[in-house]
Amino acid sequence: MKGIIGKKVGMTSIFADGKYVGVTVIDVKGNTVTQVKTNDTDGYSAVQVGFDDKSEKAANNAEKGHAKKVNTAPKRKFVEFRNFDFEKAVGETIAADIFADGEKVTVVGTSKGKGFQGVVKRHGFSGVGMGSHGQHDRMRAPGSLGASSDPSRVWKGLRMAGRMGGNRIKTQNVKVVKVMADQSLILLGGSVPGAIGSYVVLEKTK
Amino acid sequence: MNPTIKLVNDTFNQPNKHPKFGPGDNITVSYKITEGNKERIQEFRGDVIQLNGAGTTATFTVRKISNGVGVERVFPLYSPFVDEIAVNKVGRVRRAKLYYQRDRKGKASRISEKRQAVAE
């Protein structure tokens, strides 16, 4: 498995292979290996990657110490990649060119928070035009919650209105349209979960 | 615009190399067409009836009457396939979108030419 942490910069569109392609620009500058876990020491093999520098002032002593060991600035975001494809030592950087043009990646991000939403937006209920099935005269109400005296209660997990968004979302098979290695940018085809400025994790699709 | 997005645009999208034109203008668009591995240029001449969008995805629509049938074609302004745009006539119109041209034919669909000062 190979992977990298990035920050969503925004979207634009470029001409690639004779077609307009909408792309999301991901900034991956400053990925540093902060710890290497091996079978002998930790029971499994992984590479811990830190991303996005924060100031010494903002970091606590534990974070400072962790960064000092690797001789780098304290980082805001850490991700562990199991069984990393490349041999990496502590302190080495991971650059955008671990991915090639046309490769497929899995993108993990935190979706935009939508606040308290009704069932139509949150669960894709179609709403009912007629005033039956518990709908009364409302177009977007959930309607009946279930049967009556048997079971005499509402089933667990019934889809209702509530907080929506702000979840960890994984999108698979996202195409790497272009890698701009010099600028540490990766252009992904289409949209990617999360707001601008939020962290995304790019992994090779299995 | 975000400087990084601008950098991406500048790297992959070509700058506007075409002359300025607007709705009502009569233009000729030279469009590159690839057939197999051969490339040839097709010309499309007509009146611009709208400019649409901004930035890298901006498009314009050209309308012409071909064999008595109105034909409209939408071109991306920054497409590398748009080889050249020649402005034949600058039209005098009062709207940004000339959709009314779709209901007109013959003499009524003519667009009068804008009189411009000629540099001596």
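A few points about this structure:
- Remark: the protein assembly as shown carries 61 Å² of accessible area per residue (probe radius 1.4 Å; ligands, DNA and RNA excluded).
- Looking at region A:85-136, the trypsin sites (Lys or Arg not before Pro) that sit in a DSSP loop and have at most 13 other Cβ atoms within 10 Å of their own Cβ are A:114.
- Per-residue mean of C-beta atoms belonging to partner chains within 10 Å, peptide B:7-18: 4
- Electrostatic dipole magnitude of region A:68-206 [Cβ: Lys, Arg +1; Asp, Glu -1; Cα centre; debye, to 20]: 620
- With R₀ fixed at 45 Å, the C-beta to C-beta distance from residue A:125 to residue A:104 puts the FRET efficiency at about 0.85.
- Rough spin-label spacing in nm, given labels placed 7 Å along Cα→Cβ, for residue A:87 and residue B:51: 5.9
- Whole-percent pair-distance distribution, where bins are 10 Å wide, for the alpha carbons of region A:89-179: 13, 25, 24, 16, 12, 8, 2
- Accessible area of the protein assembly as shown belonging to carbon and sulfur atoms, whole % at 1.4 Å probe: 47
- The long axis of helix A:61-70 is offset from the longest Cα principal axis of chain A by roughly 50 degrees.
- Separation of region A:82-160 and region B:53-74, taken as the distance between their Cα centroids, equals 40 angstrom.
- Here the gap between residue B:67 and residue B:32, fully extended at 0.36 nm per residue and compared with their Cα-Cα distance, gives a gain of 10.3 nm.
- Using only Cα coordinates, the Kirkwood hydrodynamic radius of region B:1-60 works out to 14.0 Å.
- Where B meets A: accessible area buried, both sides, 1.4 Å probe, Å²: 1200
- Across every direction, the projection of the convex hull enclosing the Cα atoms of the protein assembly as shown has a mean area of 31.1 nm².
- For the protein assembly as shown, calculated [θ]222 nm from helices alone, where every DSSP H run of n ≥ 4 adds -39500 (n - 2.57): -2500 deg cm²/dmol
- Summarising the label geometry, the points placed 7 Å from Cα in the beta-carbon direction at residue A:114 and residue A:155 lie 2.2 nm from one another.
- Pairwise alpha-carbon distances in region A:150-199 exceed 12 Å for 77% of all pairs.
- Using the Cα coordinates of region A:1-118, the gyration tensor eigenvalues translate into equivalent-ellipsoid semi-axes of 29, 20, 15 Å, sorted from longest to shortest.
- Threshold 20 Å², region A:6-55 residues less accessible with all protein chains present than alone (1.4 Å probe): A:9, A:12, A:13, A:14, A:15, A:18, A:20, A:25
- Interface residues of region A:176-206, defined as those losing at least 10 Å² of solvent-accessible heavy-atom surface relative to the isolated chain (probe radius 1.4 Å), are listed as A:178, A:180, A:183, A:185, A:187.
- Note on residue B:39/residue A:132: beta-carbon distance plugged into 1/(1 + (r/R0)^6) with R0 of 51 Å gives a FRET efficiency of 0.20.
- Stokes-Einstein D for region B:52-96, Kirkwood Rh over Cα pairs, 25 °C, 0.890 mPa s (µm²/s): 196
- Crossing angle, helix B:3-12 versus chain B [Cα axis fit, 0-90 degrees, rounded to tens]: 80
- A run of chain A free of exposed loop cleavage sites, with chymotrypsin sites (Phe, Trp or Tyr not before Pro) counted only in DSSP states other than H, G, I, E and B and at most 14 other beta carbons within 10 Å, reaches its longest extent at A:87-154.
- All C-alpha pair distances within chain B, sorted into 10 Å bins from zero, spread as 12, 38, 31, 16, 3, 0 percent across the bins.
- Length released on extending from residue A:147 to residue A:198, taking residue separation times 0.36 nm less the Cα-Cα span: 14.0 nm
- Residues listed by number, region A:74-93, amide nitrogen under 19 Å from residue A:58 label point at 7 Å toward C-beta: A:74-79
The values are calculated or read from the model by the stated rules, or taken from the named source; none is laboratory data. Everything numeric here is computed off the predicted structure, so don't read it as measured data. Note: ideal-geometry Cβ built from the backbone for every residue, glycine included; neighbour counts use all protein chains shown. When the accessible area is computed, the model is the full protein with side chains, heavy atoms only, and any ligands, DNA or RNA have been set aside. Shrake-Rupley method; radii C 1.70, N 1.55, O 1.52, S 1.80 Å.
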